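Asks: The structure follows.
A short reminder: the numbers here are calculations on the coordinates, not readings from a lab. The shown structure was predicted, so the numbers you read here are calculated from the model rather than taken from an experiment. FYI the Cβ positions are ideal-geometry reconstructions off the backbone, even for glycines, and counts take in every protein chain you see.
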Amino acid sequence: MKCDTSQSQSSIVDPPKAWRRAHPRWLQVTVLLVVFTAGGLVGAMFGIKSVHLRMEYYRQNADALPNAIVPRLKFILELTDQQAEHIREIINDRHPRIIEYREQGSAAMHAEFDAMEREIAEILDEQQAEKWSMFAERVRLRFLPP
């Protein structure tokens, strides 16, 4: 008696389909959620670390901040070359004091930042001053302690 050992077409299962059948749908969804959540957390940690390192660099190298921020302000506020140079001087003057006041407490640092904000706003036209006010408020909320 001969046995037929060949498989029929209907019994061959595609490997991905076999895996799907082997694990319940809730387990598949849970694994995907865990993987995507872990990726999001790792990305957030790298982002936070990057911002922290950049802030620390500018605290230790006060003269580097104006070179990094003035071109950005020039683009955002549409500054003239003369305005940009004047803002660079203000930041060069005020930023080291802000760093110094950081060690003394947040009240002195906020006062110095407010003075810098007013001084810069004085050299801008109305439209630029409005954009500057919004930009400065974002900086205050993001980088200065409450």
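Asks: Just rank 21, 97, fewest to most, by other beta-carbon atoms within 10 angstrom.
Replies: In increasing order of surrounding Cβ atoms, one gets 21, 97.
Asks: Can I ask one more? Compute the angle between helix 106-122 and the longest alpha-carbon principal axis of the chain, please, reported from 0 to 90 degrees and rounded to the nearest 10.
Replies: Helix 106-122 sits roughly 70 degrees off the main axis of the chain.
Asks: Something else: Counting only C-alpha contacts under 8 Å and six or more residues apart, can you give the relative contact order of the range 40-132 as a whole percent?
Replies: 24
Asks: Roughly how big is the chain's charge dipole about its Cα centre, with Cβ charges of +1 (Lys, Arg) and -1 (Asp, Glu), in debye to the nearest 20?
Replies: Taking the Cα centre of the chain as origin, the dipole is about 1480 debye.
Asks: Provide 88, 72 in ascending order of the number of other Cβ atoms located within 10 Å of each residue's Cβ, fewest first.
Replies: Sorted ascending by nearby Cβ count, the order is 72, 88.
Asks: Compute the distance from the alpha-carbon center of the range 17-74 to that of the range 91-136, in whole Å.
Replies: If we compute the Cα centre of each part, the gap is 30 Å.
Asks: Report which label in [x] 1.75; [y] 1.01; [z] 1.99 holds the value of Cα Rg over 2.2 N^0.38 Å derived from the coordinates of this structure.
Replies: Here Cα Rg over 2.2 N^0.38 Å agrees with entry [z].
Asks: Report, to two decimal places, the Cα Rg of the range 61-146 normalised by 2.2 N^0.38 Å (N = number of residues).
Replies: Normalised Cα radius of gyration, the range 61-146: 1.04.
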